[in-house]
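The values are calculated or read from the model by the stated rules, or taken from the named source; none is laboratory data. The structure presented is a predicted model; accordingly, all values stated were derived computationally and were not measured. Glycine gets a Cβ as well: all are built from the backbone with ideal geometry, and neighbour counts include every protein chain shown. These accessible areas exclude ligands, DNA and RNA; they are computed on the full protein's heavy atoms, side chains included. Shrake-Rupley method; radii C 1.70, N 1.55, O 1.52, S 1.80 Å.
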Amino acid sequence: MSRMIELIKQSAVPANVMRSAARGALSLPPEEMVEILVYLSGHHLFAEQAKLALAGFDKESMQKVAGNPETSPDVLNYLASPENLRPALVANLIENPSLPGSKLLEMAMSHSHDTLEGLAKSARVRGDAAILHVLVGNAELPDEHRTEVQAALAALEPQAAVNGDDILSIDEEVSKFLQEHAREIAEEEKKEFALTDLSEEEKQELKAKQAAADKAEHDRMSPLQKIAGLTVGQRVQLGMKGNKEERYILIRDGCKLVSAAVLECPKLSDQEVETFAAMKNVQEGVLRAIAGKRKFMKQYAVVRALASNPRCPLDVGLTLLKSLLVPDLRNMSMNKNISETLRKVAFKMYKEKTSAKKD
């Protein structure tokens, strides 16, 4: 026999039953009744009534729903949304493993002291550096809880206490980036990890990846295998705080936010930027982002690498030609890997500059 929620979704029940459902007046288990109400909260006829019924649902039943790992993702997302979040449900939602970390990141930006206090006291949150960074950067977090959060972050990242001001500055940059892009990160969390233009070796490496059963097994994983198991928020953080090898992998991340975070990394060297500018297995957006940063464009090697990259967007490449020296314009005019348009313009500019020198 079909569950009532399925019948309602199929419009297979009478209008009077729909009206009773929107009032929360059906004789059903709380879990199914709440799921029906959440569904009806988006209905063109019954939305307002369903939202009122949800707001008035008894606290004890709602706490069980919020804390149940079997609860529908739609219900959990509804209950955790800022406009619907009830203080009495904060603790249950936070510790529910079925609530995605992206929702916790969104909650960490809240102005509600109840929500921030619940996050600060959560064992789950204290084990997630990305969420802790956002909490630390939230001006609404009360001072007594800020101390607790900073201590939890220091326990996860002991190097922060060793390296002093430099690490603090990076932490502040990470917190700022995570806050500015929290909603985009939440949307991207639904997508699986993917790299641009995987090589056969990388495909085999990812295929061989298995969930680490213990720390020893996890430590034996390659950097690529470890990164494949991270959430978007964690990869963003790693992009801004990780090492050179990790940045080389993450610049090719299929999620644009992650590659953007790599380019914001304070530890990024000039040589790395030049390498990224020449890479043919990154998204066009990465090359466009490099071209859009003045600090990168001050390096002639980066300009030359970008202009010569077959993956560089045509409009960006045409703009960069103006900055190239004569020998490089000549090389560009003979480079069959780039577009014909770019070669012709490079050749024309090469002729103009050499003629001007002769005159």
Worksheet item: How large, in Å, is the chain by the Kirkwood hydrodynamic radius built from its alpha-carbon pairs?
Response: 23.9 Å
Discussion item. Can you sort 300, 78 by solvent-accessible area, 1.4 Å probe, largest first?
Written reply: 300, 78
Worksheet entry | From phi via Karplus (6.51, -1.76, 1.60), per-residue ³J(HN,Hα) for segment 236-250 in Hz, x at Gly/Pro | 4, 5, 5, x, 8, 10, x, 9, 4, 4, 5, 5, 5, 6, 6
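As an exercise, take the mean of 1/r over every pair of distinct alpha carbons in segment 298-344, invert it, and state the Kirkwood radius in angstroms.
Its Kirkwood hydrodynamic radius stands at 10.4 Å.
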Fill in: Sequence ranges 109-116, 286-293, ranked by mean other-Cβ count within 10 angstrom, highest first
286-293, 109-116
Worksheet, complete the sentence: Taking the chain and counting helices only, DSSP H stretches of n ≥ 4 at -39,500 (n - 2.57) each over all residues, the nearest-500 ellipticity at 222 nm comes to -18000 deg cm²/dmol
Discussion item. Going by amide H atoms built from the backbone, whose H comes under 5 Å of the H on residue 195, apart from near neighbours?
Written reply: 254
Worksheet item: Quick one: what Rg and Dmax do you get for segment 170-326 from the alpha carbons, in Å?
Response: 16.4, 58
Worksheet entry | Relative packing of peptides 234-243, 95-104 - highest average C-beta neighbours within 10 Å first | 234-243, 95-104
Worksheet item: Hey, how many Å between the Cα centroid of segment 287-359 and the Cα centroid of segment 86-163?
Response: 48 Å
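Sorted by mean Cβ packing within 10 Å, highest first, what order do the peptides 172-180, 246-254 take?
For the peptides 172-180, 246-254, the packing ranking is 246-254, 172-180.
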Worksheet item: Over what distance in Å are the Cα centres of segment 11-38 and segment 182-198 separated?
Response: 35 Å
Discussion item. Taking the square root of 5 times each eigenvalue of the Cα gyration tensor, what semi-axes in Å does the equivalent ellipsoid of segment 249-319 have, largest first?
Written reply: 17, 14, 10
